[in-house]
1. Run through the stretch 12-112 and list the trypsin sites (Lys or Arg not before Pro) located in a DSSP loop whose Cβ has at most 12 other Cβ atoms within 10 Å.
2. Among Met87, Pro149, Ile3, flag the residue with its Cα farthest along the positive direction of the charge dipole of the chain, charges on Cβ as +1 for Lys/Arg and -1 for Asp/Glu.
3. Count neighbours as other Cβ atoms within 10 Å of each site's Cβ, and list the trypsin sites (Lys or Arg not before Pro) in the stretch 133-204 that are DSSP loop with at most 15 such neighbours.
4. For the stretch 69-204, just say rounded, prolate or oblate: build the C-alpha gyration tensor, square-root its eigenvalues into a ≥ b ≥ c, call rounded for a/c under 1.5, and beyond that prolate if a/b exceeds b/c, oblate if not.
5. Using R₀ = 25 Å, calculate the FRET efficiency as 1/(1 + (r/R₀)^6) where r is the Cβ-Cβ separation of Asn80 and Glu59; round to 0.05.
6. Pick out which of Thr173, Thr113, Thr138 has the largest mean-square fluctuation in a Gaussian network model of the chain, springs linking Cα atoms closer than 10 Å.
7. Go ahead and run the numbers for FRET between Arg69 and Glu44, Cβ-Cβ distance against an R0 of 35 Å, rounding to 0.05.
8. Return the subset of Lys43/Lys172; Lys8/Lys60; Lys4/Lys54; Lys55/Lys190; Lys102/Lys172 for which the Cα-Cα distance in this structure is over 31 Å, preserving the input order.
Amino acid sequence: MLIKINEKNLSDVIEMAVEILNNGGIVAYPTETFYGLGVRFDKEASLRKLYELKKRPEEKPMPLIIGDRTLLSMIAASVNEIAETLMDKFWPGPLTLLLKAKSDLSSYLTARTGRVAVRIPGESFALHLAREAGFPITATSANPSGMPPAEDADAVIRYFGKEIDMVIDGGKTAGGLPSTIADVREEKIKIVREGVIKRHLLEI
């Protein structure tokens, strides 16, 4: 199902997308950088299907988006002061933080590393979806492993066809650099991937 979003149908489309996620479906949606693939964080069968669809190596965990920091308690065992400071400064926005994962979190989200990747996305459909959902959603890029990330709905359909339950067409995304990833489990920030937010800006 392909749906083009506009101001009039935005809330209806979000409602439909949340229902599909709750029922174990896969939704492709625009973020502030590229298109992402979303499933509900605690639906094991959906997470497995998403991994198989992307042909993603098992050692690569899947990142999550949330709409509110209170949802961190669903996925993170602890959040330290450094993490809180970075969230204050950069969320919502393209900064993915690696936090200590709760022990019962799916290995598809942690790749058995004991950590989970999460962010509140910047202004985009992804942010509205995450806020409305009230649960963490995967935000892995909408492409098979090793292929360029999808910048529009057509690319998502070329990659995955009818395997996706809902493709939300928000036009072409900004593209460019992906989110920056920082490991903040210790008392020191470790930059795992430098993306939109530059390394020097994370020095606190």
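1. Those that pass, being in a loop and sparsely packed, are Lys55, Arg112.
2. Pro149
3. Answer in residue order: Lys172, Lys188, Lys198.
4. In terms of gyration-tensor shape, prolate.
5. Efficiency for this residue pair is about 0.50.
6. Thr113
7. E(calc), rounded to 0.05, equals 0.90.
8. Lys8/Lys60; Lys102/Lys172
Bear in mind these aren't lab numbers, they're just calculated from the coordinates by the rules spelled out. All values derive from a computational prediction rather than experimental measurement. All Cβ positions, even for glycine, are placed from backbone atoms using ideal geometry, and neighbour counts span all protein chains on display.
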